[in-house]
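Structure first, then comments.
The values are calculated or read from the model by the stated rules, or taken from the named source; none is laboratory data. Please read all numbers here as calculations on a predicted model, not as lab measurements. Here the Cβ positions follow ideal geometry from the backbone for every residue, glycine too, while neighbour counts run over all protein chains shown.
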Number of protein chains: 4
Amino acid sequence: MGIRILVWNEFVHEKQEPEIAAVYPEGIHRVLAAAFGEHPALAGATVRTATLADPDCGLTDAVLRETDVLVWWGHVAHHLVPDETARLVADHVLRGLGLVVLHSGHFSKPFKLLMGTSCTLKWRDGDRERLWTASPGHPILRGVPEHFELLVEEMYGEPFDIPTPDETLLIGWFAGGEVFRSACLFRRGLGQVFYFQPGHEANPTFYDANVRRILGNAVSFVAPARRSDSLDCLNVEALEKR
Amino acid sequence: MGIRILVWNEFVHEKQEPEIAAVYPEGIHRVLAAAFGEHPALAGATVRTATLADPDCGLTDAVLRETDVLVWWGHVAHHLVPDETARLVADHVLRGLGLVVLHSGHFSKPFKLLMGTSCTLKWRDGDRERLWTASPGHPILRGVPEHFELLVEEMYGEPFDIPTPDETLLIGWFAGGEVFRSACLFRRGLGQVFYFQPGHEANPTFYDANVRRILGNAVSFVAPARRSDSLDCLNVEALEKR
Amino acid sequence: MGIRILVWNEFVHEKQEPEIAAVYPEGIHRVLAAAFGEHPALAGATVRTATLADPDCGLTDAVLRETDVLVWWGHVAHHLVPDETARLVADHVLRGLGLVVLHSGHFSKPFKLLMGTSCTLKWRDGDRERLWTASPGHPILRGVPEHFELLVEEMYGEPFDIPTPDETLLIGWFAGGEVFRSACLFRRGLGQVFYFQPGHEANPTFYDANVRRILGNAVSFVAPARRSDSLDCLNVEALEKR
Amino acid sequence: MGIRILVWNEFVHEKQEPEIAAVYPEGIHRVLAAAFGEHPALAGATVRTATLADPDCGLTDAVLRETDVLVWWGHVAHHLVPDETARLVADHVLRGLGLVVLHSGHFSKPFKLLMGTSCTLKWRDGDRERLWTASPGHPILRGVPEHFELLVEEMYGEPFDIPTPDETLLIGWFAGGEVFRSACLFRRGLGQVFYFQPGHEANPTFYDANVRRILGNAVSFVAPARRSDSLDCLNVEALEKR
């Protein structure tokens with residue numbers, strides 16, 4: 001069975017700001033969904049979308065049980081995602097759900113819950129970024145050149161307050177003088193979390209061929225190998241006679 | 001200036017259960033404080049204690065600002081620590097406070113906040129444990145033999161749902177047939193968290209010479225190299241002309 | 001195209017010792033090759049074998065270029081593998097070749113070259129082992145229970161002198177009182193190395209269903225995402241005008 | 001007892017090239033030794049130096065036994081260090097010796113032995129570098145600002161073929177458009193290895209206050225907690241009756 005992808009987008013900027021709507025007329029989620037639909041590693045996948053305006057943000061327990069990988073874009077409306085929804089998403093990750101967090105999602109509630117750190121960083125709108133592969137053998141970087149550029153992207157700069165990633169895949173160079181761990185992997189419970197820094201709403205980043213390749217590879221990589229129904233401590237009998 | 005240590009103990013069992021009081025008549029915190037007072041790596045340190053019964057659990061912002069390393073023992077009363085207190089402790093860790101979490105503290109609110117995982121494990125009261133050094137060169141294991149035993153300890157068993165530790169120092173072997181990552185280090189923000197599995201309230205673990213050596217070494221190791229007042233994202237000017 | 005697997009076995013014990021030949025009449029490599037041939041994750045794979053007695057150990061540059069994953073079993077004849085052959089294998093790993101190292105291969109020349117440490121451990125023949133999953137969500141543990149037993153296996157015990165693994169998947173418990181990081185992953189260059197502790201020549205370990213599942217999963221997981229022809233430092237032009 | 005530091009420098013450029021001699025008239029080792037002599041974390045330390053021209057490179061077993069931390073600078077003469085000397089140094093690290101490897105030492109024999117990878121990178125002489133703290137709470141970065149600049153330094157760029165560091169402390173930004181993991185820690189056996197990228201022979205890098213602070217902190221941090229005489233596998237008796 002193919003991977004069941006759910007693309008979640010707060011979908012606020014695109015409806016309110018004409019400049020953003022010009023870049024993503026039907027919303028960032030639609031462009032991401034299309035990217036996954038044509039990615040070679042995701043043949044057979046199904047792609048759904050959900051937004052903040054959906055009942056329960058479109059993120060119920062039932063929906064998450066039928067999802068293998070959740071892709072998250074949010075920015076100005078992090079606070080409008082209910083705490084219980086954020087907890088539900090995080091718990092599903094611990095039970096195996098794959099999670100891909102994009103750009104300003106570093107400050108989303110589910111990501112912060114799963115990291116346990118402040119997730120703060122330096123930022124500045126409107127810079128030029130060059131991304132360098134730091135672990136070129138990783139499957140998420142399959143088909144990605146040693147470096148590639150995004151002509152306009154929001155600068156996110158170190159120090160980035162995250163736990164040491166299990167793997168740092170890309171390091172970003174910014175023309176304004178900063179660096180950033182721009183693509184990082186974290187195992188949390190049975191699930192995996194992939195954080196990817198590019199993707200400001202004003203920029204056509206999600207049309208970029210390398211970005212699309214990376215994100216599709218990432219969805220494939222974080223798809224769960226195992227799911228669980230429970231996160232309980234168990235009181236167990238001894239396995240050995242004493 | 002010496003390290004400023006604060007030993008926090010929920011201090012419930014010792015007051016309610018005679019068998020526990022027999023082991024720790026004045027409370028686990030007193031025994032730990034004494035251990036730190038005589039540890040060679042902690043010359044010049046000051047040791048204070050606080051318990052759940054103190055106003056604000058004895059864990060105010062002012063107290064934590066004057067603390068370098070917080071040592072935490074809790075078990076039956078995790079839920080009585082207010083959420084805001086747990087958040088305050090976790091935020092101080094991100095700003096540099098060292099945190100040593102003992103035994104059943106794997107389920108304490110500050111530890112769970114900082115890990116981002118469920119922190120679940122297998123458990124069984126009353127087993128025998130042998131602890132093996134997995135990273136014998138680490139300063140926290142200075143003076144500790146390759147393996148040592150605790151004749152009675154509560155079994156905690158894998159899988160232990162924590163993020164991959166930055167370092168796994170000890171692996172526990174249990175007579176009942178289980179294993180456990182019994183001593184783990186995690187960097188979180190500017191702070192460091194050391195988790196140590198032995199230390200059930202019914203057992204004289206905190207009188208054990210190896211345990212005392214490890215815990216004193218750990219306090220010394222997680223003492224902060226830097227503190228910060230803020231956990232904010234900063235919007236910064238470019239450093240390079242473009 | 002399916003994964004191209006090469007199973008290398010020194011193939012000495014099986015020809016010299018009747019007790020070993022009774023367990024692996026045609027050699028350990030044949031049993032492993034059969035396991036891979038029937039593994040669900042390896043549909044379409046091709047499996048070849050090579051041994052110490054082959055010209056150049058069966059490990060020429062041409063053969064390694066046509067191999068995706070090399071599986072290595074060796075014990076008494078590590079020193080008979082020429083240094084140049086070991087270097088060739090290690091360099092192919094750095095260029096992307098996947099490597100699965102079994103049991104006493106912890107002391108094989110290619111593994112030691114890739115680890116950079118002494119790879120020493122404690123050992124004792126003839127014990128009983130129970131293996132616990134420490135990272136149950138990892139694809140290499142797909143389909144593997146939380147714990148499983150091997151009734152007779154050689155004890156390998158901590159401290160195991162290896163660099164901190166990128167992931168520790170299994171921790172072994174031994175009836176004689178030791179523990180061991182029994183399944184570990186290491187990224188080295190473009191390649192990945194999986195070390196698996198069970199597999200002493202006198203024991204029917206490679207007929208065990210869980211072991212076969214793990215090894216097949218591991219071969220699938222370490223298959224390369226990218227290969228390179230070169231390991232050279234490059235003197236490069238600036239990408240930015242200054 | 002204070003830390004016993006040995007600064008090793010191949011000491012070739014400074015004797016052969018007037019431009020280099022102008023920067024380091026008595027050799028890089030003298031400037032480093034002076035820096036350690038005045039570092040606040042190294043009070044009580046003793047500092048010796050050795051060079052390629054000394055008998056046995058000044059790196060005998062006896063000398064290394066009396067050394068806590070070895071600091072290594074080499075570039076054009078890596079191949080003149082005998083293989084046995086490199087092996088001796090690496091084995092001492094595994095037995096506890098701290099090792100600080102500077103700049104072009106990424107290609108020194110001891111570092112390559114301990115990493116197990118090719119240690120290749122991109123390079124270009126004469127760039128400007130800004131170093132960013134990626135783990136600002138680490139003791140090696142005590143007193144170091146969030147970022148600092150070196151006006152002329154040799155560019156080293158990703159991908160850098162090293163195993164995932166235990167910690168990445170600094171990430172370098174280069175005006176020419178590259179990034180680099182410029183300060184990395186690795187535990188190997190009982191020892192620790194600190195790699196630091198700046199320090200080209202033509203540049204006054206080792207006079208820079210931040211660089212001196214970092215290197216002194218690093219020497220203090222990698223000083224051994226434990227030494228061993230042996231790297232042997234031991235055949236051990238069972239600890240449990242069965």
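Quick notes on this structure:
- Test: residue in the stretch B:116-126 that is more than 14 Å from chain A (Cβ to nearest Cβ) and not in a loop (DSSP other than H, G, I, E, B): no
- The single residue among A:92, A:103, A:147 that is buried (at least 21 other Cβ atoms within 10 Å of the Cβ), touching a Ser or Thr at 6+ places or on another chain (Cβ under 9 Å) and either under 20 Å from residue B:114 (Cα atoms) or among the polar types (S, T, N, Q) (or both) turns out to be A:92.
- Answer residue from the stretch A:193-210, given it is of a type in the set (Gly, Ala, Ser) and within 14 Å of residue A:103 (Cα to Cα) and is surrounded by the most Cβ atoms within 10 Å (Cβ to Cβ) among those: A:199
- For the stretch D:129-152, the criterion of being at pLDDT 95 or above, over 26 Å from residue B:98 (Cβ atoms), at the interface with another protein chain (Cβ under 7 Å from one of its Cβ atoms) and touching a Lys or Arg at 6+ places or on another chain (Cβ under 7 Å) is met by none of the residues.
- Test: residue in the stretch B:203-210 that is more than 10 Å from chain A (Cβ to nearest Cβ), touching a Phe, Trp or Tyr at 6+ places or on another chain (Cβ under 7 Å) and closer than 30 Å to residue A:238 by Cβ: yes
- Qualifying residue in the stretch B:41-48 (condition: among the polar types (S, T, N, Q), more than 14 Å from the chain's Cα centre (by Cα), closer than 19 Å to residue B:31 by Cβ and more than 14 Å from chain D (Cβ to nearest Cβ)): yes
- Residue match in the stretch B:154-164 (condition: facing chain A (nearest Cβ under 9 Å) and in a strand (DSSP E or B)): yes
- For the stretch C:35-106, the strands (runs of 3 or more DSSP E) that sit wholly inside it and include 1 or more residues that are β-branched (Val, Ile, Thr) and in contact (Cβ under 8 Å) with a residue 60 or more places away in the chain are C:69-73, C:98-102.
- Selection within the stretch A:211-227: residues that are surrounded by 15 or more Cβ atoms within 10 Å (Cβ to Cβ) and part of a loop (DSSP other than H, G, I, E, B). The member of this set that is farthest from the other protein chains (Cβ to nearest Cβ) is A:223.
- You will find that of D:14, D:19, the residue that is among the charged types (D, E, K, R), in a helix (DSSP H, G or I), buried (at least 20 other Cβ atoms within 10 Å of the Cβ) and out of contact with any Cys (no Cβ under 6 Å at 6 or more places or on another chain) is D:14 and no other.
- Qualifying residue in the stretch A:61-73 (condition: in contact with a Ser or Thr (Cβ under 9 Å, 6 or more places away or on another chain) and of a type in the set (Gly, Ala, Ser)): no
- Scanning the stretch D:24-34 for residues that are aliphatic (A, V, I, L, M) and either touching a residue at least 40 places away in the same chain (Cβ under 8 Å) or within 11 Å of residue D:207 (Cα to Cα) (or both) returns D:28, D:31, D:32, D:34.
- Unmet requirement for residue A:98, which otherwise passes all of (1) within 13 Å of chain B (Cβ to nearest Cβ); (2) out of contact with any His (no Cβ under 9 Å at 6 or more places or on another chain); (3) among the small types (Gly, Ala, Ser): (1)
- Residue match in the stretch C:72-94 (condition: at the interface with another protein chain (Cβ under 9 Å from one of its Cβ atoms), in contact with a Pro (Cβ under 7 Å, 6 or more places away or on another chain) and over 19 Å from residue C:201 (Cα atoms)): yes
- Residue tally, condition among the small types (Gly, Ala, Ser) and at pLDDT below 95, over the stretch B:85-128: 1
- Hey, residue B:206 more than 29 Å from residue A:186 (Cα to Cα), free of Cβ contacts under 8 Å to residues at least 60 places away in the same chain and hydrophobic (A, V, I, L, M, F, W, C) or not: no
- Among residues of the stretch D:122-144 being among the hydrophobic types (A, V, I, L, M, F, W, C) and surrounded by 22 or more Cβ atoms within 10 Å (Cβ to Cβ), the one that is nearest to the chain's Cα centre (by Cα) is D:140.
- Considering residues of the stretch A:40-71 that are touching a Phe, Trp or Tyr at 6+ places or on another chain (Cβ under 8 Å) and among the polar types (S, T, N, Q) only, the residue farthest from residue C:225 (Cα to Cα): A:51
- Selection of the stretch A:171-182 for residues being in a strand (DSSP E or B) and facing another protein chain (nearest Cβ under 9 Å) yields A:171, A:172, A:173, A:174, A:179, A:180, A:181.
- Flag for residue C:199 being within 12 Å of chain D (Cβ to nearest Cβ), part of a loop (DSSP other than H, G, I, E, B) and either over 30 Å from residue A:142 (Cα atoms) or of a type outside the set (Lys, Arg) (or both): no
- Of all residues in the stretch D:101-115, those being more than 18 Å from residue D:183 (Cα to Cα) and facing chain C (nearest Cβ under 9 Å) number 1.
- Only one of the listed residues (B:234, B:185, B:239) is surrounded by fewer than 23 Cβ atoms within 10 Å (Cβ to Cβ), within 14 Å of chain A (Cβ to nearest Cβ) and under 14 Å from the mean Cα position of the chain (by Cα). That residue is B:185.
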